[in-house]
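> Here it is, the structure, as structure tokens.
The values are calculated or read from the model by the stated rules, or taken from the named source; none is laboratory data. Since we're looking at a predicted model, the values are computed, not measured. Quick reminder, even Gly has a Cβ in these numbers, built from the backbone with ideal geometry, and neighbours come from all protein chains shown. Side chains are part of the model used for accessible areas, which takes the heavy atoms of the whole protein and leaves out ligands, DNA and RNA. Shrake-Rupley method; radii C 1.70, N 1.55, O 1.52, S 1.80 Å.
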Amino acid sequence: MDKRESVGTRISQVRQRTVAPVVAARCALWTFVVVNLVIVEVLFLTAGTGKNEVLTVAKFFGLHAAVLMLLQLLLVARLPWLDRRIGMDRLTVWHRWVGFTLLWTILTHAVLVVLGYAKLDDASMTKTFFALAGVPASLLGMCAAMIVVVVAAVSARYVRRRLRYETWHGVHLLLYLALGLAFVHQLLETTTFSSSVPAKVYWWALWLFAFGALVAGRIVLPLWRNAYHRFQVAEVVQESDDVVSVHVTGRHLDRFPARAGQFCIWRFPGHNHWWPANPFSLSAAPDGRTLRLTAKAVGSTSAGLRHVPVGSRAFVEGPYGAFTALHRSQPGALLIAGGVGITPIRALLEEETAGDVVVLYRMRNENDAVLVHEVRALVVDRGGQLHLLTGRTGEGTSPFEPDSLRALVPDIAERDVYVCGPPAMTSAVLGTLRRLKVPGRQVHSERFSLA
């Protein structure tokens, strides 16, 4: 089969796809959520009422808080099937909003419990609160609620922006303690956890599934992959004054399930502290022999990559991300990159690509164009077009205004569009694509968000 026949076959495959992978994954996830909510409603209605109407409503909120906690675990478990179809960035956004919903659900449950017992005992809420604190089951629930409140406070945008990632992440880890306390709290509350045999089976199965998914995705799988592949630094290349590429090799890399456009979380033990973790895209399509990351020196970790010793071990977590050709639906593609956001775009170009390709590369000036020679060669090899868009944001007319973008790519609405760059640029491009009525299923972007 020659190259034209191969491209024709891939275009046919792209066009024949009926259900987009992201749609299938979202349907599976939210079907799971709805089914569990229905089960919880049935358990609530069949378990009997509380000691008074207020405590009955409190139990309702408590059951739903448990479901939200378990959903939180699944959203950050980094399960490969979900991550490759939905993307870590979207799963993290959902995790954030579910988290704040969980906060208010827990607070509502707690207030109603105190109010309900205060009404039952004809006592003040303060006296009732301290009385409940003397009961182990209630005390564990209170501690879990306090931890959730603290984590929610440091996750508020105003506070989060002023904290180092490592500090915020360290506080965020307290949520696992809260989950453990909440589990024991629910276990001791026999009216919810073991009100019947079906209820006991259901709650045990759900908690084990959620915790099992988290442990498998966040601990077991990364440790197994690193033990199996034994990653190590093969070469460090200074691409420019402030850009460096690190080539990583290992055993059986042909079995490492990475695709062009994805990213990994990289650690280099012995060079940096263990806890700093940075998500860097693969800047070359995986070839079964090496992995390559390319980073610009914007922080102490990325700046220090140029000093990573050749031959040293690397700890690679991933691959992650839905920014891949898996989501192609059109024969043509428009790849838009800003600054070092060219790295996953460059990898996508190297991977076999169906149809014609147009690349828009935004940078301050051509001297800042990371890997531009490689990008140009790949575009030429595929018979595509490369437009270097120089200038600073806010200076003159933006190349990403609707008229400008349509002039550069007249058939933009008939292409898959991949966007990777600084947040402001990405937001501007996505806004323009909506104004140009590019179907949402054809727009692919990903922002790195760790959780």
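> Is any helix in the chain, taking whole DSSP H runs, at least 24 angstrom long along its axis by alpha carbon and on average at least 1.6 on the Kyte-Doolittle scale, and which ones?
What comes out of the filter, once short or polar helices are dropped, is 21-46, 53-75, 136-155.
> Any chance you could get the radius of gyration and Dmax over the Cα atoms of the range 324-447, in Å?
Rg and Dmax of the range 324-447, Cα atoms, are 13.1, 36 Å.
> Something else about it: Taking the mean number of other Cβ atoms within 10 Å as a proxy for protection, how do you rank 58-70, 311-323, 242-254 from highest to lowest?
Going from most to least packed, we get 58-70, 311-323, 242-254.
> Viscosity 0.692 mPa s, temperature 37 °C: what is the translational diffusion coefficient of the chain from Stokes-Einstein with a Kirkwood Rh over Cα pairs, rounded to a whole number of µm²/s? Don't skip to the answer; put the middle values down first.
Numbers: Rh = 24.6 Å.
My calculation gives 134 µm²/s for D.
> What per residue convex hull volume, in Å³, do the alpha-carbon atoms of the range 32-135 yield?
Taking only Cα atoms, the range 32-135 has a hull volume of 106 Å³ per residue.
> Between beta-carbons, use under 11 Å as the cut-off and find the net charge around Leu63, counting Lys and Arg +1, Asp and Glu -1.
On the way: positive: Lys59; negative: Glu41, Glu189.
Local net charge: -1.
> With all protein chains present, how much of the accessible area of the chain (probe radius 1.4 Å) comes from carbon and sulfur, to the nearest whole percent?
61
> Could I ask something else about it? Would you be so kind as to identify which of Gln385, Ser245, Phe44 lies farthest towards the positive end of the dipole of the chain, taking Lys and Arg as +1 and Asp and Glu as -1 on Cβ and the Cα centre as origin?
Phe44
> Could you grab the relative contact order for the chain? Cα pairs under 8 Å, six or more apart, rounded to a whole percent.
Numbers: 681 pairs, mean separation 68.5, N = 451.
It rounds to 15 percent for the chain.
> Can you quote the Å³ per residue value for the convex hull of the Cα atoms in the range 316-395, rounded to an integer?
118
> What number of lysine-lysine pairs in the chain show an alpha-carbon separation below 30 angstrom, given a sequence spacing of 8 or more or placement on distinct chains?
So the count works out to 9.
> Hey, another quick one. Sorted from largest to smallest, which semi-axis lengths in Å does the alpha carbon gyration tensor of the range 228-269 give for its equivalent ellipsoid, taking the root of 5 times each eigenvalue?
One finds semi-axes of 21, 13, 10 Å for the range 228-269.
> Then there is this: Taking the Cα centre of the chain as origin, work out the dipole magnitude from +1 charges on Lys and Arg Cβ and -1 charges on Asp and Glu Cβ, in debye rounded to 20.
It comes to approximately 320 debye.
> I need the P(r) histogram for the range 94-133: all alpha carbon pairs, bin width 10 Å from 0 out to the longest distance, whole percents.
31, 36, 21, 11, 0
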